[in-house]
Amino acid sequence: MAKAIQEYSLADLMTRIEEIFNENPGPIKGFNAVVQYDVYDQEPATYQHFFQDGKLMIKQGVEAVPNVTMALSYDNFKKFLLGKQSGTMALLTGKVKAKGDLSTGFKIESILRKYNIKEPL
């Protein structure tokens, strides 16, 4: 049964993101990158998203050198996922700190728009 985003732990949300992307791989076909999220506050953790050949695999921890790393709160991560927060504005206002290839980070935002993820997930 679908749940509201507030009901997900960070680990459960990562699992659900992986499911959503792999059920409909169209928007990630041809996108090959490692995107790292350093999520802090309530549930601090690091997750790497491995995009390759139209598939997404998410792993906790650091296994590879990422193309881009984004540090943000869990609340801002959820807003970004649901399209309620612009990546550009988040960077400009300091809600997200990014290092590495920023164009890869902006590509993630355009991919998320294609998935149009809404609650309940």
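The values are calculated or read from the model by the stated rules, or taken from the named source; none is laboratory data. Keep in mind it's a predicted model, so treat the numbers as computed, not measured. No Cβ is skipped: glycine too gets one built from the backbone with ideal geometry, and neighbour counts run over all protein chains shown. The area values use the complete protein model at the heavy-atom level, side chains included, leaving out ligands, DNA and RNA. Shrake-Rupley method; radii C 1.70, N 1.55, O 1.52, S 1.80 Å.
If you filter the range 83-121 down to residues that are under 13 Å from Leu13 (Cβ atoms) and open to solvent by less than 20 Å² (accessible area, probe 1.4 Å), you find that the one that is modelled with the lowest pLDDT is Leu121.
Yes/no matrix, rows are residues, columns are (1) over 12 Å from the mean Cα position of the chain (by Cα); (2) assigned to a helix (DSSP H, G or I):
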{"position": "Phe50", "(1), (2)": "no, no"}
{"position": "Val65", "(1), (2)": "yes, no"}
{"position": "Lys84", "(1), (2)": "yes, no"}
{"position": "Thr88", "(1), (2)": "yes, yes"}
{"position": "Leu91", "(1), (2)": "yes, yes"}
{"position": "Glu109", "(1), (2)": "no, yes"}
{"position": "Lys118", "(1), (2)": "yes, no"}
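Would you confirm, using the coordinates I've provided, whether Val62 is without any contact (Cβ under 8 Å) to a residue 60 or more places away in the chain and hydrophobic (A, V, I, L, M, F, W, C)? Judged against the criteria, Val62 is a match.
In the set (1) surrounded by fewer than 17 Cβ atoms within 10 Å (Cβ to Cβ); (2) touching a Phe, Trp or Tyr at 6+ places or on another chain (Cβ under 7 Å); (3) modelled with pLDDT under 95, Met57 fails one condition alone, (3).
Taking every residue in the range 89-115 that is without any contact (Cβ under 8 Å) to a residue 12 or more places away in the chain and pairing it with any residue that is surrounded by 17 or more Cβ atoms within 10 Å (Cβ to Cβ) and β-branched (Val, Ile, Thr), at least 6 positions away or on another chain, yields no pair with a Cβ-Cβ distance below 8 Å.
For the range 16-50, filtered to residues that are among the charged types (D, E, K, R) and without any contact (Cβ under 8 Å) to a residue 12 or more places away in the chain, the residue that is surrounded by the most Cβ atoms within 10 Å (Cβ to Cβ) is Glu19.
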